[in-house]
Each structure stands twice: as C-alpha cells, then as structure tokens.
Amino acid sequence: MDKKGHSEVQEVANTFIQVLEYKEYEKLGNVLEKQSYTSLDYTLEEVIDKYDRIFNGIKISNIHASKIEMEKVKNLGYELSYQLSFTTPLGKVENLNYKTKIDETDGKYLVKWDPSLIFPGMEGKDKVALHYKEAERGEIKDLFGNGLAVNEDFKWVGVVPLELGQGNEKDKNLQRISQQFEIPIEEINQKLNQNWVKDNLFVPLKIIESNKAEIMPGAAYQNIKLRYYPLKEAAAHLIGYIGKATKDDLDKNPNLSEGDMIGKAGLEKAFDKELRGNDGGEILIVDEQGNKKHEFQKVEKMDGDDILLTIDSYIQREAFKHLKGIAGSTVVMNPKEGGFMP
C-alpha cells in the first residue's frame, strides 16, 4: 500500500477512536462501513442510538483508548486492535480488548462494525442492563442500642389517574385524598398536570408515615426508606443530619456521585465514611428478550457500619425537656455507684 492509502487508514482509525473517547456518536456515519451494520439488521441511526443509550444512559465516563495497533492483513485490508478503559457507576473497567477490520469500500477505507465494538461479547440485538444496589446507611445508636439515627420505612402517597374515575367521582376522590393527607387540592391538580403524567402512571404527592396509609378510592402508595431521628431536636445538635452531595462535595471527594446522600453536620458528618458504606450492583449483557447472557461487571454492595455511642437516649431526652430551650448542660450521677452517667 502506498503512503497515501496508509495515511487514510490511520486517519479513519484515529477518527473512530476519537468518536469513542469523546462520545461523538453522530460522526459514526463517517467511519463505519454501511454493509457491516445493515447486514446485521441495523440502521445507522440505530447504531448511534445504541451507543448513546448505553454509554450516556448508564453514565459511563473517562473513556480512554490505549495499545492502539494496526496490522496489514494480506489481501484483506487492515486489522485494528485497541483497549478501552472507562468508569461506570460501579467503578473502573480497565483494558477491555477490541478488534475489528478496516477495509476499502468504493475507494474509501471504513471500519467494519458489529455489536462487540460496544462491549466485547455483545452480538446481534443484545442489550446492556444496569442493576444498581444502593448500600443502606449504618444507624447511630445509644449505649443500649436504641436508635438515634435510623432507616425508617415511610410511604409515598399518590394517585394513578386512571383509578380516580371520571367527573363527579373523580372530584370527590380528589377531595377525600386532599383532606385525608392535608394536601391542597390545587397542589394535587398541579402535579396531575405535569407533562410526564399518563393515566396508568403513579403520581407521587406526599411522604407519610407507614401507619397512616389508608385504603381509599384513587389513592396509591409506594414504599420508601428515609433517615429518621427519634429524639428529634433533643439530639439534633449532636446527631446532625444528611443531605444530597453538592458540587463542592463532589469536587472534594471523587468517590461520591451525583445524588449521593452524605452527612452534613454532627456525627452524621463525622462518621460519614463508616456510615455510608459502598453501593454495588451489576452490569449485564442480555439478549433482545432481556435474558441474561453474561455478567460484564459486578460489585458487591457493602452496607454502612452502625455507630454505638455512650449516651443514654432517655437521659438525653429528659435533660432536653428540663432545660426548656435554655442554653446549658446537664450532669447525671448514678446514686448507687457514685459514677457519672454518660
């Protein structure tokens, strides 16, 4: 092959690698051989959409190509091989091996495509599924094991529009829900008028305690687990609270992800690393029907550790009650032994 031909092959390979690293999938049409994907019953738009759904849908980032090599295959064009490393929501994936051909078609060198160029092992109409398992935050307890910061089951109360009925029946059901859960009817209607709402979809309205969920026409419920502080303001200054990680938090800690809940004050913040644990999950290659073919990445989730304090929640509550909001401190002595109570 002359220098010009070799230069064209190198340019196509470089462009293809750049498309992968920078997620510029709209440029795939410039480098892929049409026959290679149409023979697999794909259109160019479907190929582009497949890359976008997987790499952007799963939020894969930091894509880096290495060991890029090109080898001349006698009478068969060139063979391109390379490795990809990237980060998924489950962590780093390193040095995946890829291989394909670059052939001349109508005087132009193009990359032969098949699904294994997305993830090795993919074929046909295979898909990628992410199953994310969120670690449960450890609890903070007093010296007797009573909860000071616990994970409590609550419920979202909401409605499924289809189950509300029509006309007067719908209006009556909405009024009952409004009164029962103290939600202004205007707020309910506003949420029902959101663009994404469909007749068969659950529309969340308010988080309530699990024991307050009542069967009534039009009302529906979904379970949710939230952080709960049984002593409330009696220990708020000590226990602190949690909240969503901010941009500053993400910049300071690369192990955090957008949406993570972290300690913001008090012991929730001081022991955040121990309490938070590590999320896990798996990324699978599945067939067109969703049946598992093989596991691409798996990380076991590790729930956070419980923290046991030396304070007595009963004494803490009683001290708070007797101080009546006045700044001060309380010392409690064990009358039998003469020791101070923590």
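The values are calculated or read from the model by the stated rules, or taken from the named source; none is laboratory data. Quick caveat: nothing in here was measured; it's all calculated off a predicted structure. In this analysis, Cβ positions are derived from the backbone assuming ideal geometry, glycine residues included, and neighbour counts consider all displayed protein chains. The protein model used for the area step is the full one, side chains on, heavy atoms only, and it has no ligands, DNA or RNA in it. Shrake-Rupley method; radii C 1.70, N 1.55, O 1.52, S 1.80 Å.
Quick notes
- Cross-chain or 6+ apart pairs with Cβ under 8 Å, the range 298-318 first and under 30 Å from residue 129 (Cβ atoms) and touching a residue at least 12 places away in the same chain (Cβ under 8 Å), then open to solvent by 40 Å² or more (accessible area, probe 1.4 Å) and part of a strand (DSSP E or B): 299/278; 301/133; 301/278; 302/278
Every residue, every condition in (1) surrounded by 11 or more Cβ atoms within 10 Å (Cβ to Cβ); (2) out of contact with any His (no Cβ under 8 Å at 6 or more places or on another chain); (3) closer than 30 Å to residue 261 by Cα, yes or no:
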| residue | (1), (2), (3) |
| --- | --- |
| 148 | yes, yes, yes |
| 153 | yes, yes, yes |
| 156 | yes, yes, yes |
| 164 | yes, yes, no |
| 171 | yes, yes, no |
| 176 | yes, yes, no |
| 182 | no, yes, yes |
| 186 | no, yes, no |
| 195 | no, yes, yes |
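- Among the residues of the range 208-247, the ones that are open to solvent by 100 Å² or more (accessible area, probe 1.4 Å) and either more than 24 Å from residue 140 (Cα to Cα) or in contact with a Leu (Cβ under 7 Å, 6 or more places away or on another chain) (or both) come to 3 in all.
- Residue in the range 113-148 that is farthest from residue 276 (Cα to Cα), counting only those that are touching a Leu at 6+ places or on another chain (Cβ under 8 Å) and basic (Lys, Arg): 141
- Members of the range 159-214 found to be farther than 29 Å from residue 228 by Cβ, in contact with a helix residue (DSSP H, G or I) (Cβ under 9 Å, 6 or more places away or on another chain) and of a type in the set (S, T, N, Q), listed by number: 173, 175, 189, 200
- Qualifying residues in the range 262-292 (those that are touching a Gly at 6+ places or on another chain (Cβ under 8 Å), assigned to a loop (DSSP other than H, G, I, E, B) and over 26 Å from residue 123 (Cα atoms)) - the one most open to solvent (accessible area, probe 1.4 Å): 271
- Verdict on residue 318 being charged (D, E, K, R), surrounded by fewer than 12 Cβ atoms within 10 Å (Cβ to Cβ) and either touching a strand residue (DSSP E or B) at 6+ places or on another chain (Cβ under 7 Å) or on the phi < 0 side of the Ramachandran plot (or both): no
- Taken as a whole, the structure leaves residue 86 outside the set of residues that are out of contact with any His (no Cβ under 8 Å at 6 or more places or on another chain) and surrounded by 13 or more Cβ atoms within 10 Å (Cβ to Cβ).
Yes or no, residue by residue, for (1) farther than 24 Å from residue 204 by Cα; (2) modelled with pLDDT of 95 or more; (3) among the aromatic types (Phe, Trp, Tyr):
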site	(1), (2), (3)
126	yes, yes, no
133	no, no, no
140	yes, yes, no
143	yes, no, no
150	no, yes, no
155	no, yes, no
158	no, yes, no
165	no, no, no
